[in-house]
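Everything on this sheet refers to the single structure shown next.
Just so it is clear, none of the values below were taken in a lab; they were calculated from the coordinates. No experiment lies behind these values; they were computed from the predicted model shown.
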Amino acid sequence: MSRMHIRRSAVGLVLIGMLVVGACAAQPGAPAPVSSDAPSGQSLGSLMPGPPDATVIGTGTVMDIDGDVKLCLGGIAESYPPQCSGIPVIGWSWHGVDGSEQVDDVRWGAYAVTGDYDGEAFTATEAPTLLALYDPRGLEEEDEHEGSRTDQELQVLQDEIITRFSSEPEMLLGSWPAGGRLVVDVVWDDGTLQRAADDDFGADAVVIRSALREVE
């Protein structure tokens, strides 16, 4: 066998190996890995936090459309009745619950809701509290020190965050610049997303805020 033929055969084997490795590394439609304890160095969006182990509380609008109940933790469309997207709620009852409004088959109200979250649905385990009467004292204090990013840098960062969450869009509730940093609201984080953001963009660039918080 000639040297030229051997060289071409070796190149062919290398290319085949690269294709096999590439196919194993990126399978279309494969779900993002889930971790509740992501190690340092993981990219934001590559890992998602596991469900909380403890009972959690969330504040927002409970929207009931003909018996289909969801908890909206993000923005509410200014319509009448209002519209929003949220996580499904299991075990909800309006019996004895004040502060709601109703138009035809749509009923809604703003509450603090306590229960269990399995990563897909929220199961109410206690009677809700009217949001106007809810006292959030005892929850973890937010970090309010300022960052050093410019408005232009934060706009670029905001676009990047949206792209990072494109595979899990329901997790991202909203983001906006504040005090030289980008504030990012998500449905749930146990520290996984914050560590990834710090690792990717620096410790003073992104503040991840979890809408659901564990009840102590």
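May I ask for the percentage of alpha-carbon pairs in region 145-216 that lie more than 18 Å from each other?
Numbers: 863 of 2556 pairs.
That tail contains 34 percent of the Cα-Cα pairs.
What length, rounded to one decimal in nm, is gained on full extension from ASP159 through to GLU216, with 0.36 nm per residue of separation minus their alpha-carbon distance? Walk me through the intermediate numbers first.
Details: separation 57, 0.36 × 57 = 20.52 nm, distance 3.48 nm.
So the extension gain works out to 17.0 nm.
Could you tell me the center-to-center distance, by alpha carbons, between region 160-216 and region 106-132 in angstrom?
22 Å
By how many nm would the segment from ASP151 to GLU168 grow when fully extended, if each residue of separation counts as 0.36 nm and the alpha-carbon distance is taken off?
On the way: separation 17, 0.36 × 17 = 6.12 nm, distance 2.59 nm.
Stretched out fully, the ASP151 to GLU168 stretch lengthens by 3.5 nm.
To check you understand DSSP bridge types, tell me what percent of the beta bridges within region 153-209 (both residues inside) are antiparallel, rounded to 5.
Details: 6 of 10 bridges.
Around 60 percent antiparallel, to the nearest 5.
Non-local amide H neighbours of GLY174 (under 5 Å, H modeled in plane, Pro and chain starts lacking H): which ones?
For GLY174, the qualifying residues are ASP185.
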